[in-house]
1. Would you work out the relative contact order for region 1-147, in percent, from Cα pairs under 8 angstrom that are 6 or more residues apart?
2. Normalising by the residue count of the chain, find the relative contact order in percent from Cα pairs under 8 Å and 6+ residues apart.
3. Listing 206, 161 from the residue with the fewest other Cβ atoms within 10 Å to the one with the most, what is the order?
4. Which values of log₁₀ I(q)/I(0), to two decimal places, follow from the Debye formula for region 194-335 at q = 0.12, 0.20 Å⁻¹ with a uniform point scatterer at every Cα?
5. Take the Cα radius of gyration of the chain and divide it by 2.2 N^0.38 Å, with N its residue count; two decimals is plenty.
6. Based on the Cα gyration tensor of region 142-233, what are the three equivalent ellipsoid semi-axes, each the root of five times an eigenvalue, rounded to whole Å and given largest first?
7. At a Förster distance of 41 Å, what's the computed FRET efficiency of residue 36 paired with residue 300, Cβ-Cβ distance as r, to 0.05?
8. Taking the Cα centroid of region 264-289 and of region 27-46, what is the distance between the two, rounded to the nearest whole Å?
């Protein structure tokens, strides 16, 4: 099987590549990533010379570059992890989110059709559903109601995938996951930001009253779900992937401080971001029922192993926060 993974130098994409190369020996994998600020090839240093892995630097929204990649290899499937994902950045600069998340997805869909690739997996987010009240959970039939430029761009991409299924007969599947955590996460996101700031003795910025609620999913559980959806998901189906594990931000930050042995006085409340969704929660019954997926990490052990990873990989996150990580791919890949 020849698999094209886009965005494989990012957090979830790189974990997916490790998962596939470790657990699926029949797969040859090509990783395409534009190496924007959140792409870090150091995440994949352990597999750089793997015989079933190859990296190509390219922008998925560049039709000519992507055409060359599709023409060179007969792919059996495309897994699209490539995306700009940080809500704060989408508020201050929406254009790049539309470029990558919408136009890039359209380019991939067109080339998937042109080159008759049998299968397409779109990695999406629960944020396309908008915000929940204090009760209830998102199901696959929940109407899309995105509230940020980021989630709107992801909803647009999802609708494009849906259109290519229904208009052109493309065999595609969509997964929508809750908040991920785990190794290699860029430290602008909540959990790694709080861990690394605490280790540096810096303030831990918490938006608003800190009571916004998220459903947390270990990235390895997400990777298993993505593989199952790619392998067994129904054409045109959507699968929600969640940990059934809701925490408000303030309680989560306090738990991280407890695990790190750091004082709660590091918490600093800051002005809430515009349009901040209050609560997300995922109903993952469909993927559990249809594909046999269940999360394997409980949050207590998953959070501890994540904290331990950041403690053991201080040089990694310090290079990311300083910007030194960008020298890695320039030196190792001569890019």
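1. 23 percent.
2. 18 percent.
3. 206, 161
4. -0.68, -1.18
5. 0.95
6. 32, 17, 10
7. With a Förster radius of 41 Å, E is 0.75.
8. 27
Bear in mind these aren't lab numbers, they're just calculated from the coordinates by the rules spelled out. This one's a predicted model, so the numbers in the text were calculated from it and none came from an experiment. Heads up, the Cβs are rebuilt from the backbone with ideal geometry, glycines too, and the neighbour counts pull from every protein chain shown.
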